[in-house]
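The values are calculated or read from the model by the stated rules, or taken from the named source; none is laboratory data. Please read all numbers here as calculations on a predicted model, not as lab measurements. Ideal geometry is used to build each Cβ from the backbone, glycine not excepted, and the neighbour counts take in all protein chains shown. Please note that ligands, DNA and RNA were not included when accessible areas were found on the heavy atoms of the full protein model with its side chains. Shrake-Rupley method; radii C 1.70, N 1.55, O 1.52, S 1.80 Å.
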Amino acid sequence: MYRYYVVAALLFLSTLLAAQEKQGEISGQIIDGSTHQPLIGANVVVVEKPTVGAITDENGNFFIKSLEVGEYSLRTTLVGYTPSVTTDVVVSTGRSAKVKIKLDEQSVQVEGVEVSADYFSAAGAISPISTIGLDGAEVKRSPGSAQDMQRIVQSMPNVATSDDKSNELIVRGGAPNENLTVMDYVEIPSTNHYPNEFNSGGPINMVNVDLIEDIRFSTGGFPAQYGDKLSSVMDISIREGDRRHDFSSNTGFNFAGFGTVMEGAIDGGRGSWLFSARQSLLETIDKVVGISSLGLTAIPKYYDTQWKIVYDLSSSQKILVSGIYGNDKIFLKGDPKEKNDQKANISDSSSVETVDVHQSQYAAGISLKSLWGEKGYSVLTLSSFGNKGNVEAWDDFTARTYGLSGQVLTSRLLNSRSTFSDNSYDSYAALKYDVVYYLHSNHEISAGAQYTTIWKYDNATRWYSRVARYDMNNDEVFETGPIAFPDGNVQNHFGFGSEYKSFGYISDRIRLSDLFRVTVGARYDYFSYSQKGNVSPRFSVSYDVLPPTTKINFAYGEFYQTQSLPYYSDNRGIGYNQTLKNSHARHYVLGIEHIFAEGLKASVEGYYKDYSDLTVSEEFIYSADKQFRSDKYLNAGKRTSKGIELFIQQKQVETYYGTLSLSYSKTEEVDPRIPQRVSTYPSEYDYPFLATFIAGKVVKGTREALNSTPFFIKYPSLIFPFSDDMEISVRFRYSTGRPRTLQKFVTNIQNQIDGIAWSKGSWEYSDDINSARYPDYQRLDFQWISRYHYTGYNIVVYMMVENLYNHDNVAGYQYVSDGTVQTIHQFAFFPVGGVSVEF
């Protein structure tokens with residue numbers, strides 16, 4: 001509540017300031033989308049003010065000043081290039097609105113065509129199919145995303161997530177660890193707080209969206225430049241700092257945390273620097289008002305920093321230094337006095353779990369980018385990335401007496417026992433070289449290679465034994481037991497240079513005619529530890545059926561992915577998992593896209609993915625034997641995913657914008673069990689129907705209109721963030737429920753709890769894998785952005801409500817050892833606010 005008082009005070013103070021015309025400026029650069037060469041003489045015009053514009057200089061730079069604050073679109077034209085319209089350029093006082101625009105060479109001109117393709121430039125796109133590009137403004141304004149870049153792309157067709165609490169990406173039936181992230185030429189395993197090696201997602205992203213220049217996201221059929229992942233690519237460009245001002249800043253708080261962004265020029269504009277630092281918002285509130293006032297038993301504590309330095313060595317060479325660092329802590333202590341309605345008026349003894357997590361992660365790189373004029377460019381990158389983590393878990397066996405309503409009257413600790421411990425440190429170094437070279441106008445060659453070596457890898461994971469007893473005849477006599485299953489203890493150590501990954505690729509984008517373009521490529525990946533290597537051919541074609549509005553696209557590719565490092569380990573240190581093959585997927589994608597009007601485009605795509613050599617535990621394969629135990633993995637997994645998708649996008653041409661994505665798919669696993677129970681069963685990544693709708697509107701002049709109303713309307717309205725520059729948007733998302741395997745409580749198998757007592761029974765999974773589903777998911781989110789512009793600075797207020805109508809979405813079920821089941825819910829009605837000050 002305290003922060004809302006602060007927001008209200010700021011808004012009230014804003015109305016007392018003298019009204020005056022506020023102005024800002026736009027600065028940017030126009031480059032060739034293929035060669036990255038600055039384009040001289042490009043004409044940039046403000047769409048809303050056709051007489052206002054600029055022409056780029058010898059470095060491709062332009063500058064437009066004395067614009068009234070607000071949102072604008074820029075139309076860029078240059079002879080020989082396809083015109084482009086850049087939307088969502090927010091002009092405010094005290095700082096430059098910075099844009100970088102890429103133009104594609106014009107392939108064909110058709111007279112008499114009124115519908116323009118300007119708003120959907122393909123310059124710099126990953127692939128002609130299954131690819132979307134988002135600029136910085138589109139990233140920041142997306143409702144329901146809490147300014148998290150991975151939650152933003154969850155609005156794309158056939159991109160699912162299993163839980164509100166994670167930003168993981170399940171792309172076209174792929175696992176969450178099948179997604180590649182590249183940021184400023186550096187491949188990064190995860191950009192999230194609280195990461196793990198089996199999932200590229202997390203609860204909150206470390207990347208500050210205020211630093212993003214653009215995001216290119218591909219859901220399949222991506223070219224040979226990208227590899228060692230089976231499902232998707234997210235390529236992020238971080239913007240440069242402000243070269244026109246020595247210092248500018250943006251400080252405030254939102255869902256991601258309390259933080260600041262600072263930037264400025266180096267050497268009179270020859271370079272720039274950019275720095276961001278954030279701390280968990282809940283941690284900040286805890287320091288001010290205390291944890292008890294928040295009604296929480298645990299506070300996620302994290303901070304992150306991000307930076308980028310750019311310096312021009314010459315007009316054709318520049319140095320880029322960028323990096324990101326995150327530090328995470330959380331202490332999840334179970335509450336022995338937690339109320340439980342199912343245990344009213346009884347006494348029992350059960351375990352209370354506590355988990356203590358400390359993690360940190362980083363990625364950094366330095367790149368030399370060299371422009372070769374009309375022939376292309378090259379990038380040489382030296383990078384390093386790594387993680388450090390410590391996770392400890394233990395159970396407190398507690399005796400409790402419950403009252404009539406399930407409240408705990410007394411509790412007494414009987415025993416404590418460690419259940420899990422994981423200590424890890426891994427760090428890697430990589431050297432990468434990429435080249436884009438034009439043999440001539442019809443052949444664009446992309447080639448490159450990377451060598452990644454282990455700098456240091458230490459991992460020690462231990463899980464503690466389970467003791468069970470079995471009633472084989474269901475006669476309440478336990479014939480076998482107690483049986484102690486062995487403790488797990490896996491340790492790995494690799495020194496500098498002991499193991500490595502490497503890859504090389506080449507690709508040729510061929511223009512066969514003005515209407516027909518083909519991309520052919522291949523890459524080779526090798527991992528020294530498993531001694532496995534694979535060749536991955538890639539192919540795509542694009543044909544302009546009705547230029548420039550209608551295209552048909554097709555892509556085919558072979559994709560391989562090494563296993564997460566823990567899969568190569570084994571409990572006895574023998575190495576029987578070391579020779580695991582790389583997992584494989586084959587993509588087929590066919591689509592058509594059509595531009596109906598200015599800023600309005602629709603696409604329909606169908607895809608088929610065929611997986612093989614997925615890792616499956618030997619214990620699952622022989623699960624018919626209930627006492628069989630093994631930590632060996634086999635490449636026995638097979639999966640197929642197929643579906644059809646519709647995506648409609650309306651850019652902000654006037655004051656409206658939005659997207660609609662619909663997808664229908666089917667993802668199945670081939671049953672690897674011996675003996676086989678069924679031929680196939682639904683994959684855990686099977687979400688047959690997904691629908692996401694986003695709509696937004698820019699609203700002007702509201703505060704001015706309210707100021708002219710009677711006092712009984714004017715002054716109460718100050719409580720709300722009404723300004724003369726607002727955006728209001730909503731997002732609705734629907735998803736088929738996640739698959740789950742039914743469990744049954746049996747009393748003939750009992751587990752010993754903390755060496756003191758026996759459980760009442762045990763939960764056993766059904767042999768019918770994923771035969772049931774959680775309830776269908778639906779959620780409506782609302783967002784309100786309000787900007788207040790003053791001379792030399794701006795105040796931006798964010799208000800967001802997640803799950804506006806408080807739909808009860810189920811995240812899962814907790815199966816308790818006493819036979820009871822507790823429902824775990826996803827986010828309920830959740831209001832979030834934020835304020836930032838820009839100067």
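Data for the structure
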read-out: Output for segment 341-367, where each listed residue is open to solvent by less than 20 Å² (accessible area, probe 1.4 Å), at pLDDT below 90 and of a type outside the set (A, V, I, L, M); value: 343, 350, 354
read-out: Residue check for residue 451: open to solvent by less than 80 Å² (accessible area, probe 1.4 Å) and either in contact with a Ser or Thr (Cβ under 8 Å, 6 or more places away or on another chain) or part of a loop (DSSP other than H, G, I, E, B) (or both); value: no
read-out: Conditions (1) of a type in the set (A, V, I, L, M); (2) touching a Gly at 6+ places or on another chain (Cβ under 8 Å); (3) closer than 28 Å to residue 446 by Cβ; number of the one not met by residue 281; value: (3)
read-out: Selection count, segment 520-539, where residues are open to solvent by less than 50 Å² (accessible area, probe 1.4 Å) and assigned to a strand (DSSP E or B); value: 9
read-out: Selection status of residue 517, at pLDDT below 85, charged (D, E, K, R) and assigned to a strand (DSSP E or B); value: no
read-out: Residue match in segment 376-385 (condition: over 29 Å from residue 433 (Cβ atoms) and either open to solvent by 70 Å² or more (accessible area, probe 1.4 Å) or touching a Leu at 6+ places or on another chain (Cβ under 7 Å) (or both)); value: no
read-out: Answer from 80, 133 - the residue that is over 30 Å from residue 784 (Cβ atoms), surrounded by fewer than 23 Cβ atoms within 10 Å (Cβ to Cβ), modelled with pLDDT under 90 and touching a strand residue (DSSP E or B) at 6+ places or on another chain (Cβ under 7 Å); value: 80
read-out: Residue in segment 571-588 that is nearest to residue 639 (Cα to Cα), counting only those that are in a strand (DSSP E or B) and open to solvent by 50 Å² or more (accessible area, probe 1.4 Å); value: 586
read-out: Test: residue in segment 676-693 that is of a type in the set (Asp, Glu), closer than 21 Å to residue 794 by Cβ and surrounded by 14 or more Cβ atoms within 10 Å (Cβ to Cβ); value: no
read-out: First in segment 488-502 and among the aromatic types (Phe, Trp, Tyr), second anywhere and surrounded by fewer than 16 Cβ atoms within 10 Å (Cβ to Cβ), Cβ under 7 Å, 6 or more apart; value: 496/456; 500/451; 500/528
read-out: Residue tally, condition part of a strand (DSSP E or B), more than 25 Å from residue 566 (Cα to Cα) and at pLDDT 85 or above, over segment 374-401; value: 8
read-out: Residues of segment 797-833 classified as more than 16 Å from residue 737 (Cβ to Cβ), among the polar types (S, T, N, Q), modelled with pLDDT of 90 or more and surrounded by 15 or more Cβ atoms within 10 Å (Cβ to Cβ), total; value: 1
read-out: Condition met for residue 673 (among the basic types (Lys, Arg) and either under 26 Å from the mean Cα position of the chain (by Cα) or buried (at least 21 other Cβ atoms within 10 Å of the Cβ) (or both)); value: no
read-out: Number of positions in segment 239-276 that are assigned to a strand (DSSP E or B) and open to solvent by 60 Å² or more (accessible area, probe 1.4 Å); value: 3
read-out: Selection count, segment 391-447, where residues are open to solvent by less than 60 Å² (accessible area, probe 1.4 Å), farther than 30 Å from residue 499 by Cα and among the aliphatic types (A, V, I, L, M); value: 4
read-out: Members of segment 644-670 that are charged (D, E, K, R), open to solvent by 50 Å² or more (accessible area, probe 1.4 Å) and within 30 Å of residue 598 (Cβ to Cβ); value: 654
read-out: Every pair of residues 6+ apart whose Cβ atoms lie under 9 Å, when the first sits in segment 645-665 and is under 13 Å from residue 696 (Cβ atoms) and among the basic types (Lys, Arg) while the second is open to solvent by 30 Å² or more (accessible area, probe 1.4 Å) and assigned to a strand (DSSP E or B); value: 651/600; 651/601
read-out: Sole residue being closer than 14 Å to residue 229 by Cβ, open to solvent by 10 Å² or more (accessible area, probe 1.4 Å) and either of a type in the set (Asp, Glu) or in a strand (DSSP E or B) (or both), chosen from 213, 187; value: 187
read-out: Residue within segment 322-332 that is open to solvent by less than 50 Å² (accessible area, probe 1.4 Å) and farther than 30 Å from residue 272 by Cα present; value: yes
read-out: Segment 23-38, residues that are open to solvent by less than 20 Å² (accessible area, probe 1.4 Å) and under 17 Å from residue 243 (Cβ atoms); value: 24, 26, 27, 28, 30, 31
read-out: Segment 589-613: number of residues that are open to solvent by less than 20 Å² (accessible area, probe 1.4 Å) and either within 16 Å of residue 670 (Cα to Cα) or modelled with pLDDT under 95 (or both); value: 4
read-out: Exclusive hit being farther than 22 Å from residue 93 by Cβ, open to solvent by less than 10 Å² (accessible area, probe 1.4 Å) and touching a residue at least 24 places away in the same chain (Cβ under 8 Å), set 41, 60, 70; value: 60
